[in-house]
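Asks: Handing you this structure, nothing more for now.
The values are calculated or read from the model by the stated rules, or taken from the named source; none is laboratory data. Because the structure is predicted, anything quoted here is derived from the model rather than measured. So basically every Cβ, Gly included, is an ideal-geometry build from the backbone, and we count neighbours across all protein chains shown. The protein model used for the area step is the full one, side chains on, heavy atoms only, and it has no ligands, DNA or RNA in it. Shrake-Rupley method; radii C 1.70, N 1.55, O 1.52, S 1.80 Å.
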Amino acid sequence: MSEFKQLYSPLLEGAVWYPAVEWALEGSAVGHWLLESDSLSRRLAAHCRVFSVTVLEQKIVNNGELSLSERAMLGISDCLERTVMLQGDQQSWVYARTLIPTSILCGEESDLAELGTDPLGYRVFNGSNARRDALEIAKLGMPERPIWARRSRLWINEKPLLVAELFLDGSPVYARK
């Protein structure tokens, strides 16, 4: 397991998620990022010269290993778990964990298991059959220096995926402009 996964995975696992509407983030600098409904990867890529994805791990997890809230959003299927680091100009910006039910890894969506270093957002949001719902926000770390995270369900051709994203310290979400 990579040191990134050892460091950031427990933060996402221990996050207390609240519906985005409970945070009153509309109009704020951080809200502009956390409430993004389109591809986060495309948005991040616009803030750097070189945008890249590093795959930390990809494996099948049994449905019983998922949290109750994850099962509620995805159903009873085992999932392909994909953990990645999104980087801008070689700086780590976002640690992301995606759960893709194995039951959808067929037909048009079979390529989701073979993304490699291609950003998930580029694949999911490349057509009109994609949407985001169940957006939840968590505020981690110390009150004076919070680390924000979001979790949302993505739909592609009416099939669900669950993505949790932890915005690291150097991320543009924290830029003061």
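Asks: Just one of the numbered conditions (1) surrounded by fewer than 20 Cβ atoms within 10 Å (Cβ to Cβ); (2) within 24 Å of Pro19 (Cβ to Cβ) is not true of Leu40; which one?
Replies: (1)
Asks: Suppose we filter Gly141, Gly75, Gly107 for residues that are at pLDDT below 90 and closer than 23 Å to Glu158 by Cα; which single one remains?
Replies: Numbers: Gly141 fails: closer than 23 Å to Glu158 by Cα; Gly75 fails: at pLDDT below 90.
Just a single option satisfies the conditions, and that option is Gly107.
So that you can scan it fast, the table gives a plain yes or no per residue for (1) open to solvent by 50 Å² or more (accessible area, probe 1.4 Å); (2) modelled with pLDDT under 95:
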site: Val50; (1), (2): yes, no
site: Asn62; (1), (2): yes, no
site: Thr83; (1), (2): no, no
site: Gly88; (1), (2): no, no
site: Val124; (1), (2): no, yes
site: Asp133; (1), (2): no, yes
site: Arg151; (1), (2): no, no
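Asks: Any chance segment 16-29 includes a residue that's more than 15 Å from the chain's Cα centre (by Cα), at pLDDT below 90, assigned to a helix (DSSP H, G or I) and under 19 Å from Asp169 (Cβ atoms)?
Replies: Yes, segment 16-29 contains at least one residue that is more than 15 Å from the chain's Cα centre (by Cα), at pLDDT below 90, assigned to a helix (DSSP H, G or I) and under 19 Å from Asp169 (Cβ atoms).
Asks: I'd like the full set of residues that are within 21 Å of Asp78 (Cα to Cα) and either open to solvent by 40 Å² or more (accessible area, probe 1.4 Å) or modelled with pLDDT under 90 (or both), limited to segment 157-177.
Replies: Here is the first cut: in segment 157-177, the ones within 21 Å of Asp78 (Cα to Cα) are 157-165.
The answer is Asn157, Glu158, Lys159.
Asks: Look through segment 10-33, keep the residues that are closer than 19 Å to Gly121 by Cβ and in contact with a Ser or Thr (Cβ under 9 Å, 6 or more places away or on another chain), and return whichever of them is surrounded by the most Cβ atoms within 10 Å (Cβ to Cβ).
Replies: Restricting to residues being closer than 19 Å to Gly121 by Cβ and in contact with a Ser or Thr (Cβ under 9 Å, 6 or more places away or on another chain), the top hit is Trp33.
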